[in-house]
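Taking it in order: structure first as structure tokens, then the write-up.
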Amino acid sequence: MTLDIDFVRAQFPAFSVPDLADKAFFENAGGSYACGAVIDRLTRFYRERKVQPYGPYAASAAGGAEMDEARARLAAMMGVATHEVSFGPSTTQNTYVLAQAFRQALKAGEAIVVTDQDHEANSGPWRRLADDGIEIREWRIDPVTGHLDPEALRPLLADRRVRLVCFPQCSNVIAEINPVAEIAQIAHQAGAVVCVDGVSNAPHGLPEIPALGADIYLFSAYKVYGPHQGIMVIREDLGMRLPNQGHFFNGDVLYKRFTPAGPDHAQVAACAGMADYFDALHDHHFSPEPDPARRAARVAGLMRRHEAEICQPLLDYLSQRNDLRLLGPAQADRRAPTVAVDLGRKAEPVSAALAEYGINCWAGDFYAVRPLRAMGIDPAQGVLRMSMVHYTSADDVARLIEALDRVL
């Protein structure tokens, strides 16, 4: 099945905005365009339902129902129970709150494994637990390739004092897709639970969480064509064992236990538009399928095939140049289509020069200071990052390569 790129782009109002329509957008890893279904739901909520939800009158009841709809539909797409999905203001905030729960649950001398491949949001909050006597063990990447070797995890777990293993499904600069199910099995065999940062992978297809074996899975809705919310899936038995971080009277409700502040009602409700979009994408390309998880899997496959096809020419082009260093695999089927290069010099002037050719991307450290340093790259110089999603076209990539040829 071939992705209908014209249908896809028609679902995103940004492509009809004059100042954006003629630009090739390659900063999707920083935040994707919002799909029309999300924008419509957000607008409707603010216009018609911007009241305290779950009340007895129509506007309030409708607002609460739409919030519940978002949670239920996204949970069904990921193959988890509805109450295992919670919303927060960002993945960084969700991770921080989660770390406070583990801070209370763990004992001095117990350990957590983190990596130096992570975006700081899934590393920094855990590392701070060292202040409370929790041992932090670092699972390190290969300094040349950035690869995170599952076998290198085993020695860190040998004494069975590790209670939690935190790692990304893929890095936001290296982009190699880590074998989450394999890593989760290694961790579980050693008695540890697994927290997966899915922020850089979820835009390329929502995962089936049980198949991954993740006990906790975090991602950002605003990178998956939605509003600025963080979404967390946490396995029920684990979530109910951890200390409640919400109001004491909400302690028996799993999706409220890790939300200390009230959720953003409108943005939670608008997340149902993400499900609307994925279902529309499915129905346009495939025969009817009643199971939401199967629909999501079909859509994910469709997205990834298209992304690999358009990303490979860029990887081939960059691999042939001797004036830069491509981070991560040169094979599109082994990575997310988030492509970062070390230029050996400050990268931001290059992204500014690309903008003159209608290429919208950026440069910097992208909060990936630890992996850049581990690979011998100066975060102050940063990397040039060009990130795609399924609405990126082959023509966009051709324009990018042509502009790179001129600028570099």
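The values are calculated or read from the model by the stated rules, or taken from the named source; none is laboratory data. Treat the numbers as computed from the prediction; the structure is a model and nothing was measured. Cβ placement follows ideal geometry from the backbone for every residue including glycine, while neighbour counts extend to all protein chains displayed. Note: areas computed on protein heavy atoms with side chains; ligands, DNA, RNA excluded. Shrake-Rupley method; radii C 1.70, N 1.55, O 1.52, S 1.80 Å.
Some values worked out for this structure:
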| read-out | value |
| --- | --- |
| For segment 42-274: rounded, prolate or oblate by the Cα gyration tensor [a/c cutoff 1.5] | prolate |
| The chain: DSSP helices with Cα axial extent of at least 18 Å and average Kyte-Doolittle hydropathy no lower than 0.0 | 58-78, 394-407 |
| Those lysines that a straight Cα-Cα span of less than 27 Å connects to Lys346, excepting residues fewer than 8 apart in one chain | Lys23, Lys223 |
| Solvent-accessible area per residue, Å², over segment 283-343 with all protein chains present [probe radius 1.4 Å] | 46 |
| Most positive-pole-ward Cα, Ala275, Ala81, Gly364, against dipole of the chain from beta carbon charges | Ala81 |
| Most positive-pole-ward Cα, Gly301, Asn28, Pro260, against dipole of the chain from beta carbon charges | Pro260 |
| Share of Cα-Cα pairs in segment 271-371 lying beyond 23 Å, as whole percent | 46 |
| Accessible heavy-atom area order of Arg257, Arg160, highest first, probe of 1.4 Å | Arg160, Arg257 |
| Accessible-area composition of segment 42-274, carbon plus sulfur, in percent [1.4 Å probe] | 53 |
| Residue-averaged 222 nm ellipticity for the chain, from DSSP H runs of 4+ at -39500 (n - 2.57), nearest 500 | -12000 deg cm²/dmol |
| Rounded accessible area per residue of segment 42-274, 1.4 Å, Å² | 37 |
| Net dipole in debye of the chain [+1 Lys, Arg Cβ; -1 Asp, Glu Cβ; about Cα centre; nearest 20] | 800 |
| Within segment 42-274: Cβ-based charge dipole about Cα centre, in debye rounded to nearest 20 (Lys, Arg +1; Asp, Glu -1) | 640 |
| Cα centre as origin, Lys/Arg/Asp/Glu Cβ charges: segment 1-107 dipole, Debye | 500 |
| Potential extension, Ala130-Asp316 segment - 0.36 nm per residue separation minus Cα distance | 62.7 nm |
